[in-house]
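Single-structure report; data block below.
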Amino acid sequence: MNCKDCQSVLLDLLLDPGAPSNAAGRSHVESCAKCNQEFKSLEATFALLDTWEAPEPSPYFDQKLAVRLREEQAMPPADWFERLKSRLLFNTGRQFRPALVGALALILLVGGGTFANLSGIGRSRPQTSATVQDLQLLDKNDQALQAMDQLLLDAGSADDTPPSS
Ligand SMILES: [Zn+2]
């Protein structure tokens, strides 16, 4: 067995050192200083992971979630722009989506917050807490980033198509 093959069986060897199928890997690790070192560091990493404990959620997580849910439930339906956006994004045929996503990303890029603020005029949403507003802002940023990803993906696949001549 060479070092390259040994790399791929190191994990098996660590998890089940006594298995007959790992005999070749075990003898290589014992004879090769480089792979032995690799095996030792892997072993140390796993030992460390065994001591790791998942952190407890913050004490008020459930309460905060419940407040957020109640506020969302109390809200009137989203304004026309939100409804149009979700309709275009999720209800139209697959072939139109890249163009629509591109157009929406362009609106977000060019208009920035201005457009969103304009479309928000006349909306009578109840006042929400600062925390919820922050979360909604994060959510909007996330949507914009997803739209950008889709745009880049489409641009990339368009470049890959071979010339038709
Ligand atoms: Zn080796």
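The values are calculated or read from the model by the stated rules, or taken from the named source; none is laboratory data. Just so it is clear, the model here is predicted, and its values are computed rather than measured. Cβ coordinates were reconstructed from backbone atoms using ideal geometry, including for glycine residues, and neighbour counts include every protein chain displayed.
Condition check ((1) away from the ligand (no atom under 16 Å from the Cβ); (2) at pLDDT 80 or above; (3) assigned to a loop (DSSP other than H, G, I, E, B)) across all residues:
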| site | (1), (2), (3) |
| --- | --- |
| Ser41 | no, yes, no |
| Glu56 | yes, yes, yes |
| Gln73 | yes, no, no |
| Pro76 | yes, no, yes |
| Arg97 | yes, no, no |
(request) State whether the residues of region 13-20 include one that is within 16 Å of the ligand (Cβ to nearest atom), exposed (fewer than 10 other Cβ atoms within 10 Å of the Cβ) and in a loop (DSSP other than H, G, I, E, B). (result) no
(request) Please identify the pairs in which a residue from region 33-50 that is under 10 Å from Leu14 (Cβ atoms) has its Cβ atom under 9 Å from the Cβ atom of a residue that is away from the ligand (no atom under 13 Å from the Cβ) and in a helix (DSSP H, G or I), counting only partners at least 6 apart or on another chain. (result) Phe39/Leu14; Leu42/Leu11; Leu42/Leu14; Glu43/Leu14; Phe46/Leu14; Phe46/Leu15
(request) Output the residue which, of all residues in region 21-33 that are surrounded by fewer than 16 Cβ atoms within 10 Å (Cβ to Cβ) and within 16 Å of Glu43 (Cα to Cα), is nearest to the chain's Cα centre (by Cα). (result) Ala33
